[in-house]
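Colleague: I'd like to ask you about the structure that follows.
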Amino acid sequence: MSLKNGMVLKQRYRILSTLGKGGQGAVYLCEDIDVYNQKKAIKQFLNMQSMSREERQTALAMFKKEGAFLAMLDHQGLPKISDKFSSNGRCYLVIDYVEGQNLETILKEDPSFLNEARIVDIALKLCDILNYMHTRVPPIVFRDVKPENIILTKDFQVKLIDFGTARFFDKRKKNDTIQVGTVGYAAPEQYTGTSDPASDIYAFGALLHHLLTGLDPKYLSPFEAERIPICSIKKGFSENIAAVVHKALQSSRKKRYNNIADMKMDLLKNELINICPICGNVMLAENKQCGQCGTKILSKVLQKNHSKKLHYLETSDGLVHKTAYLHKDLLSIGRAQSNDIVIKDGTVSSRHAVLERKNNKFMITDLGSANGILINGKKVIHKKLKPGTQVKLGNVILFYRMKSN
């Protein structure tokens, strides 16, 4: 039964309009009469009275699971649950109402809005959301990354919605309980009933391919998108974004990015975005001022004219492998051998942090590491380094130095 505008559920939630309908049920906009008519989204699940016993058990399990995920996760890119209840054989979840448009709608109504710079900006914010999920214990795999499930708000924030298909990842289990995903976005392994964080990376690649080219993978042959370079559809894309999409869309798990943090690090190299050297805010390169802290941003061209200074990380315990000189504008630090600066210590994450030079100053940014970054004893996410700064990654202590060349 569809809910009519004006209907009141639980003597509290007045239906205002229908936001969308799908295979699991429908989503409505409502107002919470008990809390100053605050707007909420209410998700109605299928009528379980008309289901078989087995179908009812599956539907109820999915309802409970989605509610549990939303209750336990705490990230600005994810909606929060505020209530759940049953009525007339149907289950309902009440969640934050996210005002904005999903990317599917934007693609249809204003595709020119989604230029490469904006797409990279959206991708970086989605990286933070997925990295948060994948680094939970145990990791959470979303399993249905696609334009319909990503909302862009009026202030250009990104929200990931619809956790009906998400699951905890258990590497001891070879198969998922059910095969889920959307054709065109689902990774090859999902068709055999398996999924892991790498499956979200594949779907992420398919999403970027769709946003950049306008080709909806749902209407292509299976896995065809990975065989179509984005530059063969439209000219003018940077080598950076083309390489990111190509790597994320590999059929083989082993050829994709190892994790979302690695993918984000490559996206940060894109010339169309900039990072504030003071607060670490990511913005379009065309912006002349940071929207978060107000810092004036130099152009990319000016930032390349560095003075002749040697920047390096110094340690006396032999844990830094390879050179610790900061010889590039963007360097990765971590335990994996593929990093620019490799630290062989178990308390350091595989991809722990990134160092980026801005106006001849280095900013260190945490990549969702397990043990974080301490600068002079204080935990930070982003921080500009000064000569003599003590940088602690896990249990490893380094000192940032600078000298004339």
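The values are calculated or read from the model by the stated rules, or taken from the named source; none is laboratory data. Note that the structure is a prediction, hence the values are computed from the model and not measured. Note that each Cβ is placed from the backbone with ideal geometry, even for glycine, and that neighbours are counted across all protein chains shown. Quick note on the areas: whole protein, heavy atoms, side chains included, nothing else; ligands and nucleic acids left out. Shrake-Rupley method; radii C 1.70, N 1.55, O 1.52, S 1.80 Å.
Colleague: So for segment 355-378 (the condition being part of a loop (DSSP other than H, G, I, E, B), at pLDDT below 90 and among the polar types (S, T, N, Q)), does at least one residue qualify?
Modeller: Yes, because at least one residue in segment 355-378 is part of a loop (DSSP other than H, G, I, E, B), at pLDDT below 90 and among the polar types (S, T, N, Q).
Colleague: What single numbered condition from (1) over 15 Å from Leu313 (Cβ atoms); (2) open to solvent by less than 60 Å² (accessible area, probe 1.4 Å); (3) among the β-branched types (Val, Ile, Thr) fails to hold for Val348?
Modeller: (1)
Colleague: So, in segment 190-215, how many residues would count as being under 22 Å from Lys264 (Cβ atoms), assigned to a loop (DSSP other than H, G, I, E, B) and open to solvent by less than 10 Å² (accessible area, probe 1.4 Å)? Steps first, please.
Modeller: Filtering segment 190-215 down to residues under 22 Å from Lys264 (Cβ atoms) leaves 195-213.
From what's left, assigned to a loop (DSSP other than H, G, I, E, B): 195-196.
When the remaining residues are screened for being open to solvent by less than 10 Å² (accessible area, probe 1.4 Å), the result is 195.
Residues meeting the conditions: 1.
Colleague: While we're on this one: Name the pairs: first residue in segment 1-19 and closer than 23 Å to Gln101 by Cβ, second residue basic (Lys, Arg) and assigned to a loop (DSSP other than H, G, I, E, B), Cβ to Cβ under 8 Å, at least 6 apart or on different chains?
Modeller: Going by the 8 Å Cβ cut-off, the qualifying pairs are Ile15/Lys4.
Colleague: Now, a different point. Would you confirm, using the coordinates I've provided, whether Ile230 is touching a Cys at 6+ places or on another chain (Cβ under 6 Å) and of a type in the set (A, V, I, L, M, F, W, C)? Give the derivation first.
Modeller: Numbers: touching a Cys at 6+ places or on another chain (Cβ under 6 Å): no; of a type in the set (A, V, I, L, M, F, W, C): yes.
No, not satisfied.
Colleague: For segment 379-390, what are the residues that are under 24 Å from the mean Cα position of the chain (by Cα) and part of a loop (DSSP other than H, G, I, E, B)?
Modeller: Ile381
Colleague: Looking at (1) at pLDDT 90 or above; (2) part of a strand (DSSP E or B); (3) not hydrophobic (A, V, I, L, M, F, W, C), which is the only condition Lys4 fails?
Modeller: Among (1) at pLDDT 90 or above; (2) part of a strand (DSSP E or B); (3) not hydrophobic (A, V, I, L, M, F, W, C), Lys4 violates only (2).
Colleague: If you don't mind, there's one more thing I want to ask. Among the residues of segment 165-189, which ones are modelled with pLDDT under 55 and surrounded by 13 or more Cβ atoms within 10 Å (Cβ to Cβ)? Write out each step before concluding.
Modeller: Kept after step one, since they are modelled with pLDDT under 55, are these residues of segment 165-189: 165-179.
Once the filter is applied, which keeps residues that are modelled with pLDDT under 55 and surrounded by 13 or more Cβ atoms within 10 Å (Cβ to Cβ), segment 165-189 yields Thr165, Ala166, Arg167, Phe168, Phe169, Asp176, Gln179.
Colleague: In segment 216-235, what residues are surrounded by 13 or more Cβ atoms within 10 Å (Cβ to Cβ) and within 20 Å of Lys254 (Cβ to Cβ)?
Modeller: Phe223, Ala225, Glu226
Colleague: Can I ask one more? Looking only at segment 325-339, decide whether some residue is surrounded by 11 or more Cβ atoms within 10 Å (Cβ to Cβ), modelled with pLDDT of 75 or more, hydrophobic (A, V, I, L, M, F, W, C) and touching a Ser or Thr at 6+ places or on another chain (Cβ under 8 Å).
Modeller: Yes; the residues of segment 325-339 include at least one that is surrounded by 11 or more Cβ atoms within 10 Å (Cβ to Cβ), modelled with pLDDT of 75 or more, hydrophobic (A, V, I, L, M, F, W, C) and touching a Ser or Thr at 6+ places or on another chain (Cβ under 8 Å).
Colleague: Any residue at all in segment 283-296 that's open to solvent by 70 Å² or more (accessible area, probe 1.4 Å), modelled with pLDDT of 85 or more and of a type outside the set (Lys, Arg)? Before the answer, list the steps.
Modeller: Pass one, segment 283-296, residues open to solvent by 70 Å² or more (accessible area, probe 1.4 Å): 286, 288-289, 291-292, 296.
Next, from what is left, pick out any that are modelled with pLDDT of 85 or more: none.
The answer is no; no qualifying residue exists.
Colleague: Ok, one more. Sort out which residues of segment 367-404 are open to solvent by 60 Å² or more (accessible area, probe 1.4 Å) and polar (S, T, N, Q), and write them in order of number.
Modeller: Of everything in segment 367-404, those that are open to solvent by 60 Å² or more (accessible area, probe 1.4 Å) and polar (S, T, N, Q) turn out to be Asn371, Asn376, Asn395, Ser404.
Colleague: Still on this model: Go through the residues of segment 36-49 one by one and say whether even a single one is at pLDDT 90 or above, open to solvent by less than 40 Å² (accessible area, probe 1.4 Å) and over 30 Å from Leu212 (Cβ atoms). If you could, list the steps in order and put the result at the bottom.
Modeller: Of the residues in segment 36-49, the ones at pLDDT 90 or above are 36-42.
From what is left, the residues that are open to solvent by less than 40 Å² (accessible area, probe 1.4 Å) are 40-42.
Restricting the remaining residues to those that are over 30 Å from Leu212 (Cβ atoms) gives 40, 42.
Yes - at least one qualifying residue is present in segment 36-49.
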